[in-house]
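One structure, as structure tokens, below. Some questions next.
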Amino acid sequence: MVLKRNKGYQDIEGSSTDARNEIPDPDTVITQEIEMASMSVVPDDTYTVTQAVNALGFGWFQVKLSLWTGLCWMADSMEMTILSILSPALHCHWHISRYQQALTTTVVFLGMMLSSTFWGNLSDRYGRKHALTLCAVLLFYYGLLSALAPSFMWILLLRGLVGFAIGCTPQSVTLYAEFLPTKQRAKCVVLLDCFWALGACFEVFLALIVMPTLGWQWLLALSTGPLLIFALITPWLPESARFHVASGQTDKALETLEKIAKDNGKPMLLGRLVVDDATTISPHRGRFRDLLVPSLRLTSLLLWFIWMACAFCYYGLVLMTTELFETSELSCSRKVIPPEAVETCAADCKQLQTTDYMDLLWTTLAEFPGIFATIFIIERFGRKKTMAVQFVFYAICCSLLLICTYKRVYLTIMLFFARGIIAGVFQAAYVYTPEVYPTSLRAVGVGSCSAMARFGAMVTPYVAQVLLKSSITFATTIYGIAALLAAVACLILPIETRGKELEEKVHQNQPTESK
């Protein structure tokens, strides 16, 4: 018998009775999924996008996509890391108060929070590639204009617009995850954080060279370099085959799968690309309120809190690092400084020194061991337990910061461990979230979680940059409590996604975790 591939698709809902009988029962498909993933010809001469991605494996196509999306992640990281360096510089340049200094950070996260769901909806409706292309252009444009800001109000406006554009960058993870085979998905998404850590380290190194001589304007301008490169390569980004299927563009999905087969040196699957009726054209793709249907309500609410706590703790630590290095003696003071003193010390500024940048670089390098530790445990213990345990260890590190000492080495070591741990939590959340949402809601699901994360990041400057000046005990206690509450939220998530395929449809009933 000769099998001939038909370049098209078969709609299960609209097929004939005979054709319907030839298609395996969905329960049988799930139980045989791993077996079929290793075959180049699947039973009944049909295959789905999930089976094709698994069968074609990880190869040159995914390597290129890793570099492209990693560049986007690196640019995002540089724009975030610059916040901890820019605020002290503006404090000295325009003699702004501590509250205004915190506002320069808050306005970026406000833009990100307002835009995250918008970008997620845009990605689910018009494609991940188009959204990322628009994001790259806007981010480069407003980032460059920020370097030319003539006043404090202009820097607030332009950094807010930068934040609006950054709100789209999590969609690069959505695009990346949808091209990864099941077995490699978790470790690859976590490894993507290497680009984030690389971008953060590069930004600190760039600041070490540029800030003492050229100033913060040149630092902002030079930091847009990776954004320009990413904007230039976006025409070569592939569009998600899962998005094409979900939007009814099956021919384009087939072309993308053929591209994967060619790049990976694998034979294209023979047969017809099957479109399950759950992934056919839906009028509700990317609709925010569908995240709160009964089967997803508890998961969405818990994930929003987890992401909010994660960003609150992560960016709080980033901002607190420079503050602690800048005023280590003040942080260890037993006296509580009244808020009036914090507000009136606008003219008293202290520029970051070479030792401060080097210590900041060391704490930033902590993200690399945090990444590799997360890779080691996330597939062995699952996504939920990994995030919960890391949140608990982060809380312990926060409590150890309460031990006051004038030795910078101790402070650097504690910040090093805390930074590595919370970076691992963030990546575990980026692994779990795209896995738990169906294709039609995946981008808006990630976008809504990102929006809640930005809300947490908006609040954190007033703890890490303002409250810390009054009481280091109170500030670090807040971060520890937030981490412990997030750990509890991780444990009560109703779904564990380890070893499961990406969801294609919304289940009507609340799913129960398989033992």
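Looking at (1) in a helix (DSSP H, G or I); (2) more than 29 Å from Thr299 (Cα to Cα), which is the only condition Ile403 fails?
Only one criterion in (1) in a helix (DSSP H, G or I); (2) more than 29 Å from Thr299 (Cα to Cα) is unmet by Ile403, namely (1).
Kindly evaluate Phe205 against the criterion of being modelled with pLDDT of 85 or more, surrounded by 17 or more Cβ atoms within 10 Å (Cβ to Cβ) and assigned to a helix (DSSP H, G or I).
Values: modelled with pLDDT of 85 or more: yes; surrounded by 17 or more Cβ atoms within 10 Å (Cβ to Cβ): no; assigned to a helix (DSSP H, G or I): yes.
No.
Go through segment 213-231 residue by residue and tally those that are open to solvent by 70 Å² or more (accessible area, probe 1.4 Å) and in contact (Cβ under 8 Å) with a residue 12 or more places away in the chain. Spell out how you get there, then give the answer.
Of segment 213-231, the ones open to solvent by 70 Å² or more (accessible area, probe 1.4 Å) are 213-214, 218, 222, 228-229.
Subset that is in contact (Cβ under 8 Å) with a residue 12 or more places away in the chain: 218, 222, 228-229.
Going through segment 213-231 one residue at a time, the tally reaches 4.
Now for a different question. In a helix (DSSP H, G or I), at pLDDT 85 or above and buried (at least 20 other Cβ atoms within 10 Å of the Cβ): does that describe Ile260? If you could, list the steps in order and put the result at the bottom.
Numbers: in a helix (DSSP H, G or I): yes; at pLDDT 85 or above: yes; buried (at least 20 other Cβ atoms within 10 Å of the Cβ): yes.
The answer is yes for Ile260.
Now a separate question. What number of residues in segment 320-374 are open to solvent by 10 Å² or more (accessible area, probe 1.4 Å), modelled with pLDDT of 80 or more and among the hydrophobic types (A, V, I, L, M, F, W, C)?
The qualifying residues number 7.
This table checks each residue for (1) among the charged types (D, E, K, R); (2) within 21 Å of Thr69 (Cβ to Cβ).
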residue	(1), (2)
Ile229	no, yes
Pro235	no, yes
Ala241	no, yes
Lys252	yes, yes
Glu255	yes, yes
Lys262	yes, yes
Gly265	no, no
Leu269	no, no
Leu273	no, no
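If you check Lys266 against the conditions, is it at pLDDT 80 or above and part of a helix (DSSP H, G or I)? So that I can check it myself, show each step before the final result.
On the way: at pLDDT 80 or above: yes; part of a helix (DSSP H, G or I): no.
Against the criterion (at pLDDT 80 or above and part of a helix (DSSP H, G or I)), Lys266 does not qualify.
Which of the residues that make up segment 232-241 are open to solvent by less than 10 Å² (accessible area, probe 1.4 Å) and in a helix (DSSP H, G or I)? Lay out the reasoning, then the answer.
Start the filter on segment 232-241 by keeping residues that are open to solvent by less than 10 Å² (accessible area, probe 1.4 Å), which leaves 234, 237, 240-241.
Thr234, Ala241, listed by residue number.
Within segment 386-394, is there a residue that is of a type in the set (A, V, I, L, M), in contact (Cβ under 8 Å) with a residue 12 or more places away in the chain and either open to solvent by less than 10 Å² (accessible area, probe 1.4 Å) or at positive phi (or both)? Steps first, answer last, please.
Here is the first cut: in segment 386-394, the ones of a type in the set (A, V, I, L, M) are 387-389, 392.
Next, from what is left, pick out any that are in contact (Cβ under 8 Å) with a residue 12 or more places away in the chain: 387-389, 392.
Next, from what is left, pick out any that are either open to solvent by less than 10 Å² (accessible area, probe 1.4 Å) or at positive phi (or both): 387-388.
Yes, segment 386-394 contains a residue that is of a type in the set (A, V, I, L, M), in contact (Cβ under 8 Å) with a residue 12 or more places away in the chain and either open to solvent by less than 10 Å² (accessible area, probe 1.4 Å) or at positive phi (or both).
Right, another one. Take the residues in segment 409-435 that are in contact with a Ser or Thr (Cβ under 7 Å, 6 or more places away or on another chain) and at pLDDT below 85, then tell me which one is surrounded by the most Cβ atoms within 10 Å (Cβ to Cβ). Walk me through it before giving the result.
If we filter segment 409-435 for residues that are in contact with a Ser or Thr (Cβ under 7 Å, 6 or more places away or on another chain), which is where we start, we get 411-412, 415-416, 419, 424, 427-428, 432, 434-435.
Next cut, at pLDDT below 85 only: 411-412, 427, 434-435.
Numbers: Leu411: 22, Thr412: 18, Gln427: 28, Pro434: 26, Glu435: 22.
So the residue we want is Gln427.
Let me ask something else about it. Leu484 - would you say it is among the hydrophobic types (A, V, I, L, M, F, W, C), more than 26 Å from Gly111 (Cα to Cα) and modelled with pLDDT of 85 or more?
Details: among the hydrophobic types (A, V, I, L, M, F, W, C): yes; more than 26 Å from Gly111 (Cα to Cα): yes; modelled with pLDDT of 85 or more: yes.
Yes: the conditions hold for Leu484.
The values are calculated or read from the model by the stated rules, or taken from the named source; none is laboratory data. Predicted model only: the values in this text are computed from it and were never measured. Note that we place each Cβ from the backbone using ideal geometry, even for glycine, and neighbour counts take in every protein chain shown. Remember, those area values only see protein heavy atoms, side chains included, never the ligands or the DNA or RNA. Shrake-Rupley method; radii C 1.70, N 1.55, O 1.52, S 1.80 Å.
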